[in-house]
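The values are calculated or read from the model by the stated rules, or taken from the named source; none is laboratory data. Quick caveat, the model's predicted, so the values are computed rather than measured. A quick note on method: Cβ atoms are made from the backbone with ideal geometry, for glycine too, and the neighbour counts reach across all protein chains shown.
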Amino acid sequence: MDNIDLLRKRLISSAKKKVQEKYEGKEVHIIKSVNLLEDLDSASNLFIEQLREWYSTHFPELDELVKENDPYLKIIYEIGNRENFTEKKLKDAGVDEKDIGKIMSTAKNSMGSKTEEKDLAEIKVLALNCHNLREQREYLTKYLEESMSKELPNFSELAGAVIGAKILAKVGTKKKLAFMPASGIQVVGAEKALFLHKKKGAKSPKYGYLYQHPLVRAARYENKGKIARSIAAKLAIAVKKDYFHNNSSAKEMKKELEERAEELSKRTPTNKPQPVYDYKPPEQTNRKPEFRERRPEQREWKPMRRDSERKPFRRNDEQKPSYGSRLGFNKKPGIGKPSYGPRTDRRPEGRKPDYNSRPRTEWKSEDRKPSYDSKPMFDRKPEIRKERSFLTPKPNGTEKSSYEKPKNTFDKKPYEKKPFGKPFGKPKPWADKKSDAKPFGKKKPLGKPKNRTAKHANPKAKFGNKKN
Amino acid sequence: MKQLKQLLDGVYEIQSNLATVNLTPGKKVYGEELVHAEGKEFRLWNPNRSKVGAAIKKGIKTIHLKKGSKVLYLGAAEGTTISHLSDIVEKEGTIFGVDISARSMRKFIYLCEQRPNLIPILGDANQPNTYREYLNGFTIDALFQDVSQKNQAEIFLRNARLYLKRDGHGFLSIKAKSIDSSASVEKLVMEETKKLENEFEILETIPLHPFEKDHAMIHCIKK
């Protein structure tokens, strides 16, 4: 077991050395003193409140006549008993000359009781301790400023000693601060709002400890976030200068910040500056209009609605057609075709509504009555559907592929030159008119919208004689 | 007369309080109570401050510790749990305590100087190769982990592959909030057990409610 004993002693000494190394440097003292500052304030305020209440048993009017804490404390621990007040002593304590007369007159004829010296001695001790706490706070702030100007000179010049130290305390080490982005520095101190924003989608916070910066405090509400952002950006540069020991000062950056603050304060809602673009997208002339921009008549692959199929609006009594009816699968015979839906000339076989099954006399008020169409439903001629081209087999040699081979290959664009297979890539909306690279069949010329009712009214035009 | 009952090797129960026999009689570690019974001095174990103590109270079957066993403890902190483990292991055994923060090391080193079976290591459990030279000749019987990091299972696996012997027991305490504070605890515990399934045989998973909120302890054996 000697092995283990030696190991143990070695490791204890090495752990002690490492602990020593971590506490070297001034960062540690800065962080601890900043944490103390806030606690000192709160502690001294606590004790002063108790003091005022206690001394008011002896001299209550003084609480209202001397509102400032420093002269109040001095009066108590130097003089104590209200019978020993003199004008000289009050002046030395730091009271205003206007109030000295009042204090002297009320001191003799006051509501408070006459207390013994033993009791007043305890009150004096309390007053002394409060005074020492406030003095310690002042010395601590001076110490903070000195040590921050040595450790992080540029950072403390831009941000101020106290705010800079608070940010350092939150982050932990100088190294972490130096490698932090400016947006992180901007938001240090508002962690609660930050995590709400990240996890639950709330608004992002604009400032953390930087809210107390004088430039941010002086700005209007709309401009606070903008200045906080620019301050944080400069702070990030300043920290890197300090960490990597660049002997340059932060005076220029400070000037720029003040100029920006002035510029923002002069802004009014009317004279907001317009954004300046270095690059402007070129105006596209003679461009083929995009699919969305075309009129519905010009969209080649979507049919125009028949006038007889259009439905103006639905009354409140009418039942909304189900989803199946929109797709064309009408369960109830006799109900008319909706205006939205697929092309009626391409309806699949076997799902035709039976026009002849229900005579018109059996229609109820629930059914939709085609008031816009004078003809009854079953008097219409049945539709003639165009058979799909790929369903019928064609004789050999007459098959055509969707892609037509271009004759000249050197005039065409690179994406058109591919001889085999389909064209690759999606067609661009600003492509030339001559290109054949389209996913939806052949090109059709833009022209007058076709009146399909004419075709169906005259079935002989395409398919010859067909009997019903 | 105080009722004494033995639950496990070295762990006793006095009037519904957990206790261990004090290695350094007369000294307290974190302000716990000292109790005399049957001619020995016992230190009471607070399950609210220690995850292993909470697991024992919830009914874990073994800790796999006895006289002379060797233990690796990741996440030592100030030594509240480790002091009880060193009471169980007694002078013949050793415990290596690893921690990353210097502030808690200060108190832990003070503890190590008082007890001859504790060894401190100031290092990152995420990089077990940094303290490999110290643990080279030792076979470790049990591995405890109480680290609140996102990749808890990964740390456990890395350290176990290097140091834990075969058929050695591992005790991993999962803090669900440090992995994902918005997801449900059961899902996270299931995911972590899946990561360990290949190399470990999982015996039990114990939730540590009401002593610790959203915590669980996984007890497993290395294959």
For B:Leu7, work out the one condition from (1) touching a residue at least 12 places away in the same chain (Cβ under 8 Å); (2) assigned to a loop (DSSP other than H, G, I, E, B) it doesn't fulfil. (2)
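Would you check if there is a residue in the range A:238-250 being within 22 Å of A:Lys266 (Cβ to Cβ), surrounded by 20 or more Cβ atoms within 10 Å (Cβ to Cβ) and not acidic (Asp, Glu)?
Residues of the range A:238-250 within 22 Å of A:Lys266 (Cβ to Cβ): none.
The answer is no; no qualifying residue exists.
Given the condition under 29 Å from B:Val21 (Cα atoms), at pLDDT 90 or above and assigned to a loop (DSSP other than H, G, I, E, B), answer yes or no: does some residue in the range B:166-173 qualify? Steps first, answer last, please.
First, pick out the residues of the range B:166-173 that are under 29 Å from B:Val21 (Cα atoms): B:167-173.
The next check asks that each one be at pLDDT 90 or above; those that pass are B:167-173.
After this cut, where a residue has to be assigned to a loop (DSSP other than H, G, I, E, B) as well, the list is none.
Looking for residues that are under 29 Å from B:Val21 (Cα atoms), at pLDDT 90 or above and assigned to a loop (DSSP other than H, G, I, E, B), one finds none in the range B:166-173, hence no.
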Filter the range B:117-174 down to the residues that are more than 18 Å from the chain's Cα centre (by Cα) and small (Gly, Ala, Ser) and list them by number. B:Gly137
Quick check on this structure: which one of A:Leu194, A:Leu235 is in a helix (DSSP H, G or I), in contact with a Gly (Cβ under 9 Å, 6 or more places away or on another chain) and surrounded by fewer than 19 Cβ atoms within 10 Å (Cβ to Cβ)? A:Leu194
Among the candidates B:Ile88, B:Ile95, single out the residue that is away from chain A (no Cβ under 14 Å), hydrophobic (A, V, I, L, M, F, W, C) and either within 12 Å of the chain's Cα centre (by Cα) or in a loop (DSSP other than H, G, I, E, B) (or both). B:Ile88
Taking the residues in the range A:19-39 that are charged (D, E, K, R) and loosely packed, with under 13 Cβ neighbours inside 10 Å as candidates, determine which candidate is farthest from A:Ala161 (Cα to Cα). A:Glu21
I'm checking my understanding of the structure. Among residues of the range B:1-55 that are of a type in the set (Asp, Glu) and farther than 30 Å from B:Leu172 by Cβ, which one is modelled with the highest pLDDT? B:Glu41
Within the bounds of the range B:137-147, is there any residue that is of a type outside the set (Phe, Trp, Tyr), within 14 Å of chain A (Cβ to nearest Cβ) and surrounded by fewer than 17 Cβ atoms within 10 Å (Cβ to Cβ)? yes
Pick from the range B:68-85 the residues that are more than 11 Å from every other protein chain (Cβ to nearest Cβ), in a strand (DSSP E or B) and touching a Ser or Thr at 6+ places or on another chain (Cβ under 8 Å): which of them is nearest to A:Asn3 (Cα to Cα)? B:Val71
Within the range A:15-28, does at least one residue satisfy the condition of being on the phi < 0 side of the Ramachandran plot, in contact (Cβ under 8 Å) with a residue 40 or more places away in the chain, within 14 Å of another protein chain (Cβ to nearest Cβ) and assigned to a helix (DSSP H, G or I)? yes
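Out of everything in the range A:202-232 that is out of contact with any Leu (no Cβ under 7 Å at 6 or more places or on another chain) and assigned to a loop (DSSP other than H, G, I, E, B), what residue ends up being nearest to A:Leu168 (Cα to Cα)? Show your work before the answer.
Residues of the range A:202-232 that are out of contact with any Leu (no Cβ under 7 Å at 6 or more places or on another chain), as a first pass: A:203-204, A:206-214, A:217-218, A:220-222, A:224-225, A:229.
Of the ones still in play, those that are also assigned to a loop (DSSP other than H, G, I, E, B) are A:203-204, A:206-208, A:213, A:220.
Details: A:Lys203: 25, A:Ser204: 22, A:Lys206: 19, A:Tyr207: 16, A:Gly208: 13, A:His213: 15, A:Arg220: 27 Å.
Looking at the filtered set, the residue picked out is A:Gly208.
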Of the residues in the range B:98-109 that are in contact (Cβ under 8 Å) with a residue 12 or more places away in the chain and in a helix (DSSP H, G or I), the one that is nearest to B:Ile82 (Cα to Cα) is B:Phe108
Using the structure shown, decide if B:Phe200 is within 14 Å of chain A (Cβ to nearest Cβ) and without any contact (Cβ under 8 Å) to a residue 60 or more places away in the chain. no
Check the range B:164-183 and report whether any residue there is over 23 Å from B:Ile218 (Cα atoms), surrounded by fewer than 20 Cβ atoms within 10 Å (Cβ to Cβ), more than 11 Å from every other protein chain (Cβ to nearest Cβ) and polar (S, T, N, Q). no
Show me the helices (runs of 4 or more DSSP H) entirely contained within the range A:40-122 in which 1 or more residues are over 28 Å from A:Leu140 (Cα atoms) and either without any contact (Cβ under 8 Å) to a residue 40 or more places away in the chain or in contact with a Cys (Cβ under 6 Å, 6 or more places away or on another chain) (or both). A:61-65, A:87-93, A:97-108
For the range B:205-218, how many residues are out of contact with any helix residue (DSSP H, G or I) (no Cβ under 8 Å at 6 or more places or on another chain) and surrounded by 13 or more Cβ atoms within 10 Å (Cβ to Cβ)? 1
Those residues of the range B:110-133 which are in a helix (DSSP H, G or I), within 9 Å of another protein chain (Cβ to nearest Cβ) and surrounded by fewer than 19 Cβ atoms within 10 Å (Cβ to Cβ) amount to B:Glu113
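Please work out if A:Leu177 is within 14 Å of chain B (Cβ to nearest Cβ) and surrounded by 14 or more Cβ atoms within 10 Å (Cβ to Cβ).
Answer is no for this residue.
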